[in-house]
Amino acid sequence: MKPLLKKSIAECLGTFVLVFCACGVAALTGGNIVATALAFGLVIVSMAYSVGRVSGCHINPAVSLALFVKGKMNYKELLAYVGSQILGGFIGAVAIFGIAKMGDVELLGNACNAALGNSKYVEDITAGGYIGALLVEVILTCIFVYVILNVTDEKSTAGKKGGLIIGLTLTLVHLVGIPLTGTSVNPARSLATALGALIFEGETLPIAVIWVFIVGPLLGGVAAAYLYDLLHKEQGVEAVESAPAKKVEVKKEEVKVEVKEEVKAPQVKKTPTKKVKK
């Protein structure tokens, strides 16, 4: 199997688990703050130590975009990752909403994001509600992705605890964001639940405001990439590393080493010969 295909399958699987389990908890509990925040954090921890070995466990277009901005991915990889994440999230949403529908399980919520004010009608959402929701998503995503970039850096001391740190960070931003927007920080997750709710619940509001939860996280991911470079980029070292090496050619004709040594012959004392009388 080709490496990129293997990574794409891993990203699809990881995003499926994120939506099915974490968004499932949100829907079943009516968006209980603690339960939902822990669910998202625990999913990230479990996936980081499983599919993370294959694809790096992005399972979030905002994370993939940030790494693309930093030059860690190319266009082909970015498109493959994002497409796989959206597909996996959609399958997860269809699974959780579909199973609940088949089993007549009453969902206390639909796990969808909402603009500030949480109005049921699009016409009642104010400009401040849209702008506020957008700012919340930009800020929370920036925090989340910034931590990821630090933890996964080659110079990081996090080591094997990286997945745990990232999971706890996602839990943190959910604790803040759930009462405000339901917390997206992940366009694939928001798009998946919006489509799932539309198909099985007949909800139209999520689709009308979904742009906030696509644009906001993507802007936050890009902001995190630039913030990381601003605070951690070592200008001097990178300048030396990026400078082309100059070849120094030394011609043998130009280098002449003259070594003059005076070698004195050892002086031998002549011993007078004695004449022997016969």
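From the residues in the stretch 1-30 that are aliphatic (A, V, I, L, M) and over 19 Å from S64 (Cβ atoms), which one is surrounded by the most Cβ atoms within 10 Å (Cβ to Cβ)? Give the derivation first.
Of the residues in the stretch 1-30, the ones aliphatic (A, V, I, L, M) are 1, 4-5, 9-10, 13, 17-19, 22, 25-28.
Those left that are additionally over 19 Å from S64 (Cβ atoms): 1, 25-28.
Working: M1: 6, V25: 21, A26: 31, A27: 25, L28: 20.
Across the stretch 1-30, the extreme among qualifying residues is A26.
Kindly indicate the residue of the stretch 1-55 that is part of a loop (DSSP other than H, G, I, E, B) and hydrophobic (A, V, I, L, M, F, W, C) and also modelled with the highest pLDDT among those meeting that condition.
In the first step, residues of the stretch 1-55 are kept if they are part of a loop (DSSP other than H, G, I, E, B); the result is 1-2, 30-32, 49-51.
Those left that are additionally hydrophobic (A, V, I, L, M, F, W, C): 1, 51.
On the way: M1: 82, V51: 96.
If we take residues in the stretch 1-55 being part of a loop (DSSP other than H, G, I, E, B) and hydrophobic (A, V, I, L, M, F, W, C), then V51 is modelled with the highest pLDDT.
Output the residue which, of all residues in the stretch 131-157 that are among the hydroxyl-bearing types (S, T, Y) and modelled with pLDDT of 95 or more, is surrounded by the most Cβ atoms within 10 Å (Cβ to Cβ). Spell out the reasoning first.
First, pick out the residues of the stretch 131-157 that are among the hydroxyl-bearing types (S, T, Y): 141, 146, 152, 156-157.
Still in the list and also modelled with pLDDT of 95 or more: 141, 146.
Details: T141: 31, Y146: 20.
Of everything passing the filter in the stretch 131-157, T141 is surrounded by the most Cβ atoms within 10 Å (Cβ to Cβ).
Just to be sure, is A194 closer than 19 Å to I96 by Cα and surrounded by 13 or more Cβ atoms within 10 Å (Cβ to Cβ)? Talk me through it step by step, then tell me what you get.
Working: closer than 19 Å to I96 by Cα: yes; surrounded by 13 or more Cβ atoms within 10 Å (Cβ to Cβ): yes.
For A194, the condition - closer than 19 Å to I96 by Cα and surrounded by 13 or more Cβ atoms within 10 Å (Cβ to Cβ) - is met.
What pairs come out if I take residues in the stretch 69-97 that are of a type in the set (K, R) and pair them with residues that are modelled with pLDDT of 95 or more whose C-beta lies under 7 Å away, six or more apart or interchain?
The qualifying pairs are K70/A225.
Which residues, counting only those in the stretch 93-125, are surrounded by fewer than 13 Cβ atoms within 10 Å (Cβ to Cβ) and part of a loop (DSSP other than H, G, I, E, B)?
G103, D104, V105, E106, L108, K120, Y121
With respect to the numbered conditions (1) among the β-branched types (V, I, T); (2) surrounded by fewer than 21 Cβ atoms within 10 Å (Cβ to Cβ); (3) at pLDDT 95 or above, which one is the sole condition not fulfilled by I166?
(2)
Please state which of the following conditions K160 fails to meet, knowing it meets all the rest: (1) in contact with a Gly (Cβ under 6 Å, 6 or more places away or on another chain); (2) in a helix (DSSP H, G or I); (3) modelled with pLDDT under 95.
Condition not satisfied by K160: (1).
V25 versus (1) free of Cβ contacts under 8 Å to residues at least 40 places away in the same chain; (2) touching a Cys at 6+ places or on another chain (Cβ under 6 Å): which is the lone unmet condition?
(2)
The values are calculated or read from the model by the stated rules, or taken from the named source; none is laboratory data. Owing to the predicted nature of the structure, the values given are computational and were not obtained by experimental measurement. Please note: Cβ atoms are built from the backbone with ideal geometry, for glycine as well, and neighbour counts cover all protein chains shown.
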